[in-house]
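Structure, as structure tokens:
Derivation of every value follows stated rules applied to the coordinates shown; laboratory data play no part. Here the structure is a predicted model, which is why all the values come from computation and not from measurement. We place every Cβ from the backbone using ideal geometry, glycine too, and count neighbours over all the protein chains shown.
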Amino acid sequence: MIYRFKKTFIGVGGREYISNPKLSFPEHVKIRRRGTNPRSGQPYTEAGSAFVETSAVAARLCCSASAARQYLHRHGVRFRVVRKGTGPLALYWRRLDVERVLAGREPVRRRVPPCYMDMAGAVSMLGVVRSYVYRLVKKGLLREYRCRMKTARGLRVRCFYHREDLEHVRLHVLQKR
């Protein structure tokens, strides 16, 4: 059975609320003011110099604002929600966290670094499957170099493996199997 409540209570700003004796609304919701957070009733916080706007971070990451938000959320960057004047809400990210994340990113390369091989070369040299190469890296038997390379779909993270380590693994580790 679906209950239909008549919306009769209209708060400040034209918001309609359900008129039901079992429902009660906090006072700050009833007397909502422009520039206040509807959940807490407190004014929106200000973004000081310790915070960076999403669009600025997106420009530094060379991606869209949506992709920048996803990337920063994944890396645990702290943020603050701020209303820009009388306009919409905006996310401001903690500058120190953003700098830490950007400093830890892989460098951009145009070519394969010298003395390194890509995954296809490593697999053919060792005669194993890709998962075994990942396992060798995890064990510390194989050095991995990660960098970002430009492709048709933008910058992608690529992994390269040190040639000397591959030869050592082929001669000493794989012969014991």
When you go through (1) at positive phi; (2) of a type outside the set (A, V, I, L, M); (3) not in a loop (DSSP other than H, G, I, E, B) one by one for residue 160, which number turns out not to apply?
(1)
Any hit, the stretch 70-93, residues being in contact (Cβ under 8 Å) with a residue 24 or more places away in the chain, touching a His at 6+ places or on another chain (Cβ under 7 Å), assigned to a helix (DSSP H, G or I) and surrounded by 12 or more Cβ atoms within 10 Å (Cβ to Cβ)
no
Does residue 104 qualify as being within 26 Å of the chain's Cα centre (by Cα), on the phi < 0 side of the Ramachandran plot and surrounded by fewer than 16 Cβ atoms within 10 Å (Cβ to Cβ)?
yes
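Tell me, which residue of the stretch 116-132 that is assigned to a helix (DSSP H, G or I) and not hydroxyl-bearing (Ser, Thr, Tyr) is farthest from residue 162 (Cα to Cα)?
So, considering only residues that are assigned to a helix (DSSP H, G or I) and not hydroxyl-bearing (Ser, Thr, Tyr), the one farthest from residue 162 (Cα to Cα) is 130.
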